[in-house]
1. State the number of residues belonging to segment 1-12 that are in a loop (DSSP other than H, G, I, E, B) and under 16 Å from VAL52 (Cβ atoms).
2. Residue check, VAL29 against (1) touching an Asp or Glu at 6+ places or on another chain (Cβ under 9 Å); (2) without any contact (Cβ under 8 Å) to a residue 12 or more places away in the chain, all met but one. Which one?
3. Here is a check on your reading of the model: is VAL55 buried (at least 16 other Cβ atoms within 10 Å of the Cβ) and closer than 14 Å to PHE6 by Cβ?
4. Is it fair to say LEU32 is closer than 17 Å to MET1 by Cα and in contact with a helix residue (DSSP H, G or I) (Cβ under 9 Å, 6 or more places away or on another chain)?
5. When residues of segment 48-83 are filtered for being out of contact with any helix residue (DSSP H, G or I) (no Cβ under 9 Å at 6 or more places or on another chain), without any contact (Cβ under 8 Å) to a residue 12 or more places away in the chain and not in a strand (DSSP E or B), how many remain?
6. THR21 fails exactly one of the following numbered conditions: (1) farther than 21 Å from ALA7 by Cα; (2) crowded, with 16+ Cβ neighbours inside 10 Å. What is the number of that condition?
7. For segment 13-47, how many residues are of a type in the set (Gly, Ala, Ser), more than 11 Å from LEU76 (Cβ to Cβ) and part of a helix (DSSP H, G or I)?
8. Do we find that GLU48 is more than 10 Å from the chain's Cα centre (by Cα), closer than 16 Å to LYS4 by Cβ and either exposed (fewer than 11 other Cβ atoms within 10 Å of the Cβ) or at pLDDT below 95 (or both) in this structure?
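The values are calculated or read from the model by the stated rules, or taken from the named source; none is laboratory data. The shown structure was predicted, so the numbers you read here are calculated from the model rather than taken from an experiment. Counting neighbours? That spans all protein chains shown, and the Cβs are built from the backbone with ideal geometry, glycine included.
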Amino acid sequence: MKLKYFAWLRDSLGCDAEEITLPGEVRTVGQLLDWLPTQGERFRRAFEFIDVVLVSVNAEYAHRSDPVRDGDEVFLVPPIAGG
């Protein structure tokens, strides 16, 4: 699976994209969002406010109950304020 990060997530994680292999028990967007913070300190810190992040799976906005699979492209887009 390819994860792409935007805005403060990109800054916090130190990269704009990375490839991961999903464990078998991660089958939905919600499970992915719950699993990622368990993958080390940088994920734990970056995903502290994950509830405000929009998720897109293969260019379609996704809900926590939507499926994910290895091979998907997942965008994680936090809200961005301008001024």
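1. The total comes to 1.
2. The single condition VAL29 does not satisfy is (2).
3. Spelling it out, VAL55 is indeed buried (at least 16 other Cβ atoms within 10 Å of the Cβ) and closer than 14 Å to PHE6 by Cβ.
4. So LEU32 fails the test.
5. 3
6. (2)
7. Residues meeting the conditions: 1.
8. no
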